[in-house]
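Please treat every number below as a calculation from the coordinates, not as lab data. Keep in mind that what you see is a predicted model, and the values were worked out from it rather than measured. Every residue, glycine among them, receives a Cβ derived from its backbone with ideal geometry; neighbour counts consider all protein chains shown.
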Amino acid sequence: MFSTSQAWQTILAHSRQLDPTRVPLSAALDRLLRTDARAEADSPPFDASAMDGYAARRTQVGQTLRVIGEAQAGRPFVGTISPGECARIFTGAPVPATAECVIKQEDVTRDGDAIRIVRHEGPNFIRRRGENRRTGDIIVSAGTFLSPPDLAALASAGITQPSVTRAPRCVHLVTGNELVAPEHTPADAQIRDTNSTLVAALLQRAGAELIGHAHARDDLATAQKIIATFPAHDVLLISGGASVGDYDIARPLLQALGYTLHFQAINLRPGKPLVFASRGAQLAFAIPGNPVSHWVVFHLFIAPLLKHLQTGAAAEPARLIGQIAAGCKLPPPDARQTFWPCRAKIVNGTYELTPLPLASSGDSSGLTGANALLPVPQSTGKLGSELTVEFILCP
Ligand code: AMP
Ligand code: MG
């Protein structure tokens with residue numbers, strides 16, 4: 001049986017970065033930029049005033065100057081400033097070429113057309129052309145997941161259709177004779193389908209597009225027909241039926257669809273019967289139906305895969321350092337590699353972890369508040385309250 005690391009290496013071996021596409025800035029948030037964005041002009045594009053005040057030649061405290069014109073943002077002063085003269089100027093306005101400084105309006109007194117300089121401290125309040133950036137400088141590097149300030153920087157350079165990795169396209173088939181949609185009241189022996197909601201939200205967080213979703217009964221032929229109706233996709237997720245029970249259809253279903261199975265179980269709790277398969281560039285997971293297994297498997301393998309499809313860079317989820325909260329009940333030891341859902345919060349600048357008191361991996365509402373995964377050391381004898389541990393943050 002594969003370890004979680006072997007499973008991840010196997011997934012990586014079948015994953016390739018997706019193609020770039022151009023999208024408008026309004027659709028570019030959190031997408032991976034594929035080409036360096038460069039400044040198309042100097043910034044600022046001209047010497048600009050940093051203050052509301054007066055633009056003048058070199059001046060002295062006590063001097064009186066005559067105001068001969070005005071420079072506004074977007075409306076320059078055209079004319080020459082001679083010694084003894086100045087122009088009214090506002091923040092963002094071009095500084096006239098003949099001016100050597102801007103005097104803050106708080107540092108003068110004004111009487112009609114004349115100002116008198118009462119103070120002149122600090123810098124000259126001119127933002128020089130190109131002092132932020134020169135034409136051709138890189139403003140956002142390829143490989144950046146675009147943040148709001150990055151988008152603003154692209155807008156400033158006139159890059160309104162950046163080249164980004166297209167979002168991974170996913171489809172989700174949820175299986176189970178016992179499932180009813182959340183809006184229905186379960187009859188005897190039925191339960192509400194919670195995984196569809198969970199997976200849709202997790203995919204959204206991971207920057208993927210859910211382009212097809214359906215529920216199938218545990219019947220291979222029907223499930224196969226439904227999957228055939230899904231639009232072209234990069235990743236197929238099948239919920240439930242991943243194990244070896246009589247009604248578990250996921251493995252024969254993947255095989256019937258022409259997928260090659262790369263692993264069919266991993267040394268993991270919860271989530272042991274996870275199946276990973278590929279068909280050309282298309283990748284598929286069959287995820288054991290328990291909602292907690294879904295959450296764990298998604299953060300350990302599916303979210304990192306979706307990231308890899310976007311970046312092409314192989315990174316396992318980052319491990320942070322935290323402390324188990326005092327007085328916590330700890331997960332029971334197990335021979336399998338256990339990843340336990342926890343609530344992580346920052347206390348006095350340090351992460352504090354509270355393992356969730358889950359009764360079983362079927363406890364979907366018990367997952368509420370989970371935002372971290374704790375790899376439980378196999379020799380659990382050592383794991384105690386207030387112990388320092390590694391964990392994975394699961395946003
Ligand atoms: P399975 O992996 O299909 O054997 O399912 C394992 C357990 O998870 C069973 O108790 C199922 O009823 C439950 N389960 C399967 N799919 C879902 C779902 N979509 N929502 C909630 N529970 C589920
Ligand atoms: Mg099932």
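Within the shell defined by Cβ-Cβ distances under 15 Å, the residues around ASP219 carry a net charge of -1, with Lys and Arg each +1 and Asp and Glu each -1. For the range 147-255, the set of GluC sites (Glu not before Pro) satisfying both a DSSP loop assignment and a count of at most 10 other C-beta atoms within 10 Å is given as GLU183.
Note on ARG58/ALA152: beta-carbon distance plugged into 1/(1 + (r/R0)^6) with R0 of 35 Å gives a FRET efficiency of 0.45. Rounded to the nearest Hz, the phi-derived 3J(HN,Hα) couplings of the range 336-341 under the Karplus curve 6.51 cos²θ - 1.76 cosθ + 1.60 (θ = phi - 60°) are 7, 5, 9, 10, 9, x, where x marks glycine and proline.
In a DSSP loop and with at most 13 other Cβ atoms within 10 Å, the trypsin sites (Lys or Arg not before Pro) in the range 15-70 are ARG16, ARG58. Quick check: from the Cα gyration tensor, does the range 171-272 come out rounded (a/c under 1.5), prolate or oblate? It comes out rounded by the Cα gyration axes. Mean separation of Cα pairs under 8 Å and 6 or more residues apart, divided by the residue count, gives the chain a relative contact order of 16 percent.
For VAL389, the residues whose amide H sits under 5 Å from its own are GLY322, GLN323, ILE324, ignoring neighbours fewer than 5 places away on the same chain, with H placed 1.01 Å from N. ILE392 sits among other residues whose Cβ lies under 14 Å from its own Cβ, and their net charge, with Lys and Arg +1 and Asp and Glu -1, is +1. In degrees between 0 and 90, to the nearest 10, how far off the longest principal axis of the chain does helix 220-229 point, with axes built from Cα atoms? That helix lies at roughly 20 degrees to the long axis.
When the chain is treated as a GNM with alpha-carbon contacts under 10 Å, the residue of ARG169, ARG134, ARG110 showing the greatest mean-square fluctuation is ARG110.
With both labels modelled 7 Å from their Cα along Cα-to-Cβ, the THR144 to GLU100 distance reads 3.8 nm.
The alpha-carbon atoms of the chain, seen along their principal axes, cover 96, 51, 42 angstrom, with the largest extent given first. Each residue, ALA73 and SER3, gets one label point 7 Å from its Cα in the Cβ direction; the gap between the two is 5.8 nm. Fully extending the segment from THR388 to ALA228 would add 52.7 nm, taking 0.36 nm per residue of separation and subtracting the current Cα-Cα distance. Dividing the summed -39500 (n - 2.57) terms of all DSSP H runs of n ≥ 4 by the residue count of the chain sets its mean residue ellipticity at 222 nm at -4500 deg cm²/dmol.
Here the range 194-252 is described by how far its Cα atoms reach on the three principal axes: 35, 22, 16 Å, from widest to narrowest.
Placing a label point 7 Å from the Cα of ASP111 along the Cα-to-Cβ direction, the residues of the range 56-76 whose backbone N falls under 18 Å of that point are 60-68.
Using the Cα gyration tensor of the range 320-393, with a ≥ b ≥ c the square roots of its eigenvalues, what is the shape: rounded (a/c below 1.5), prolate (a/b larger than b/c) or oblate (neither)? Oblate, since a/c reaches 1.5 and b/c is not below a/b. Stretching the chain fully between ASP334 and VAL118 yields a gain of 69.9 nm (0.36 nm per residue, less the alpha carbon separation).
Using Cβ point charges alone (K and R +1, D and E -1), the dipole size of the range 156-231 about the Cα centre works out to roughly 420 debye. Using a Gaussian network model of the chain with C-alpha springs under 10 Å, which one of LEU320, LEU268, LEU254 is most mobile by mean-square fluctuation? Looking only at LEU320, LEU268, LEU254, the biggest GNM fluctuation is shown by LEU320. When only the Cβ of Lys, Arg, Asp and Glu is charged (+1, +1, -1, -1), the dipole of the chain relative to its Cα centre reaches about 620 debye. For the chain, find the longest principal axis of its Cα atoms and tell me its angle to the long axis of helix 195-205, 0 to 90°, nearest 10. The angle comes out near 30 degrees.
Site pair HIS213 and LEU25 shows an inter-label distance of 3.1 nm when each label is modelled 7 Å from Cα along Cα→Cβ. Of ALA7, GLN204, ASN132, which is farthest on the positive side of the dipole of the chain, counting Cα position, with +1 on Lys and Arg Cβ, -1 on Asp and Glu Cβ, and the Cα centre as origin? Going by the Cα projections, it comes out as ASN132.
Computed over the range 307-349, the Cα gyration tensor eigenvalues convert (square root of 5λ each) into semi-axes of 27, 18, 8 Å, ordered from largest to smallest. Bridging of LYS272 to aspartates and glutamates at a Cα separation below 19 Å is possible for ASP246, ASP248, GLU316, ASP334, ASP363, once same-chain residues fewer than 8 apart are set aside.
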